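The values are calculated or read from the model by the stated rules, or taken from the named source; none is laboratory data. Every value quoted in this text rests on a predicted model; they were computed, and no experiment measured them. For neighbour counting, all protein chains shown are included, and Cβ atoms are generated from backbone atoms with ideal geometry for every residue, glycine included. Accessible surface areas use protein heavy atoms only, side chains included; no ligands, DNA or RNA. Shrake-Rupley method; radii C 1.70, N 1.55, O 1.52, S 1.80 Å.
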Amino acid sequence: MNFATTQFIYVLALYGVIVLIPFLVLCYAPLKSMSGWKMNLGVRVKGHSKEILPTLSSFAVLYGCLCLLSEVPFSKLTNWQYILSFPLIVLAHDAYFYWTHYLMHKSKFLYRFHKQHHTSSDATPVDVLAFHPVEAFVHFIFFVIYPMIIPTELSVMQFMFVWMLVCNSAGHLPYEFYPKFLYDFPVIRQFNAATHHQMHHKYYTSNFSIYYNWWDRWMGTNHKDYFETFRKVKASQLTSELPPSFTLPSVKEVTIDVVQVPFSRGAHETTNTQSL
């Protein structure tokens, strides 16, 4: 098999393990014991079948990008270069995703392609690659451009696909597994919890980052109720695990309503988000 086919099979295997299995276990046929952990921040529209065709088209675009990648020479790195290349590609993709995602919401022209990903405000792992082909190209062309600019080994790119799918699958889960106490530490709280992206699917105008929270903080695009909503979700999970006689200390109420709004001035507008 050629390079593109081999790497495509590798990504398909990752998708099956990292995306489909969590979806089938936790979303499609959720365990009753997990019902108290569900965030219920959004509404699922017309089941999950609408993600099938966009996902298949995204895989077709991915294969085309892998064919382009096969023409890009990989480098042989020293030990230190190899070690540093892992955080470097994660940081580069984190910045790339934020700005392309931000522009897809702020541009009327680009949003016509991105809106496919927002057909439901209740995100699940099968939404991870449910893109319009144009958006899929924007996402996957990163993996062709990056090794043309930064010397990289193939194993670093393969790691990046694992990292991307794990974080995306977790971010699209309607369950918050991120431990509450970790958000009490300034360094660790820079990682985006599932609540972060679930709120993005809810409100559209905020929470554009993918792995870390700093781009949203720097650009003022964090939803103003993000951390409070996270605490509320975790408190709700704790309540579901406690005996009926236990009384949980009150948590500030955060209202999370389904908001369907027209596209305006290059972005959706809601009544529950900060100014961008």
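Structure notes:
- Using the alpha carbons alone, the radius of gyration of segment 114-196 stands to its Kirkwood radius in an Rg to Rh ratio of 1.03.
- Per residue solvent-accessible surface (Å²) - segment 64-136, probe of 1.4 Å: 47
- Computed from phi, the 3J(HN,Hα) profile of segment 14-24 under the Karplus parametrisation 6.51, -1.76, 1.60 (θ = phi - 60°) reads 4, 4, x, 7, 8, 10, 5, 5, x, 5, 5 Hz, with x in place of Gly and Pro.
- Listed pairs 106/232; 202/234; 106/202; 108/224; 108/202 exceeding 27 Å between Cα atoms: 106/232
- FRET efficiency for the pair residue 10 and residue 60, taken as 1/(1 + (r/R0)^6) with r the Cβ-Cβ distance and R0 = 22 Å, rounds to 0.85.
- Close amide-amide hydrogen proximity is noted between residue 212 and 192, each under 5 Å apart and 5 or more residues distant or on a separate chain (H modeled in the peptide plane; Pro and chain starts excluded).
- Using R0 = 41 Å, the C-beta based FRET efficiency linking residue 70 and residue 185 works out to 0.45.
- Rh (Kirkwood; distinct C-alpha pairs) - segment 169-239, Å: 12.1
- The separation of segment 165-228 from segment 99-142, counted between C-alpha centres, amounts to 18 Å.
- In terms of accessible area, using a 1.4 Å probe and ignoring ligands and nucleic acids, 94, 225 rank largest first as 225, 94.
- Taken over segment 97-160, the ratio of Cα radius of gyration to 2.2 N^0.38 Å equals 1.29.
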